[in-house]
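Heads up: the structure comes next, in structure tokens.
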Amino acid sequence: MNDAGLGEVFSAMQKAWAQADADRFARAFAPDADFTSVRGDRLAGRAAIAAAHDRLFATVYIGTRLVMTVRRVRHCAPRLAVSQVDSTLLTLDGSPALGLGGNPGNTMHAQAVLEHGRAGWLIVSFMNMVPLPRIEDH
């Protein structure tokens, strides 16, 4: 397995986000995927992931785009990989979007477990978090 297909998963997510297409965004996930949002929401399944993002794209994240950078990929088995991904939420003009608690750089960190099958790489488990300020920053 190569990492190129993994990158395509995250690229497709970015494109779907920029078009506020929740169904297309959710296609990066397996039908029975688990998703934990930055707010701690736990979603079970592609349909729930699509529905939650549809609400977000129509409200708090309207007019935003997501920039994702794969930081690390670890292949745990021939068809299983864990990926660490940094994301930045921006407005369409490139300025930081509101809604992430004002964290520096408007960044999130995620860990995604991906499985390779007939449909290619799909995310089976995704956990997203917003970093807190470092203690020495206070």
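The values are calculated or read from the model by the stated rules, or taken from the named source; none is laboratory data. Keep in mind the model is a prediction, meaning the values are calculated, not measured. Virtual Cβ from ideal backbone geometry, glycine too; neighbours counted across all protein chains shown.
Residue-wise test of (1) under 17 Å from ASN128 (Cβ atoms); (2) without any contact (Cβ under 8 Å) to a residue 12 or more places away in the chain; (3) touching a Lys or Arg at 6+ places or on another chain (Cβ under 9 Å).
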{"position": "ALA33", "(1), (2), (3)": "yes, no, yes"}
{"position": "VAL38", "(1), (2), (3)": "yes, no, no"}
{"position": "ALA50", "(1), (2), (3)": "yes, no, yes"}
{"position": "VAL67", "(1), (2), (3)": "yes, no, no"}
{"position": "VAL85", "(1), (2), (3)": "yes, no, yes"}
{"position": "GLY94", "(1), (2), (3)": "no, yes, yes"}
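Examine the range 103-111 for a residue that is buried (at least 19 other Cβ atoms within 10 Å of the Cβ), in contact with a helix residue (DSSP H, G or I) (Cβ under 7 Å, 6 or more places away or on another chain) and at pLDDT 90 or above, and state whether such a residue exists. Among the residues of the range 103-111, not one is buried (at least 19 other Cβ atoms within 10 Å of the Cβ), in contact with a helix residue (DSSP H, G or I) (Cβ under 7 Å, 6 or more places away or on another chain) and at pLDDT 90 or above, which makes the answer no. Residues in the range 22-40 that are farther than 19 Å from ALA12 by Cβ and out of contact with any strand residue (DSSP E or B) (no Cβ under 8 Å at 6 or more places or on another chain): ARG39, GLY40.
Restricting attention to the range 1-31, the residues that are buried (at least 16 other Cβ atoms within 10 Å of the Cβ), small (Gly, Ala, Ser) and free of Cβ contacts under 8 Å to residues at least 24 places away in the same chain add up to 1. State whether the residues of the range 118-126 include one that is aliphatic (A, V, I, L, M), modelled with pLDDT under 95 and farther than 30 Å from CYS76 by Cα. No: zero hits. Can you work out which of the residues in the range 16-66 that are part of a strand (DSSP E or B) and among the basic types (Lys, Arg) is modelled with the lowest pLDDT? Out of the qualifying residues, it is ARG65. Quick one: would you say ALA77 is surrounded by fewer than 14 Cβ atoms within 10 Å (Cβ to Cβ), closer than 17 Å to GLN111 by Cβ and either hydrophobic (A, V, I, L, M, F, W, C) or within 11 Å of the chain's Cα centre (by Cα) (or both)? Answer is yes for this residue.
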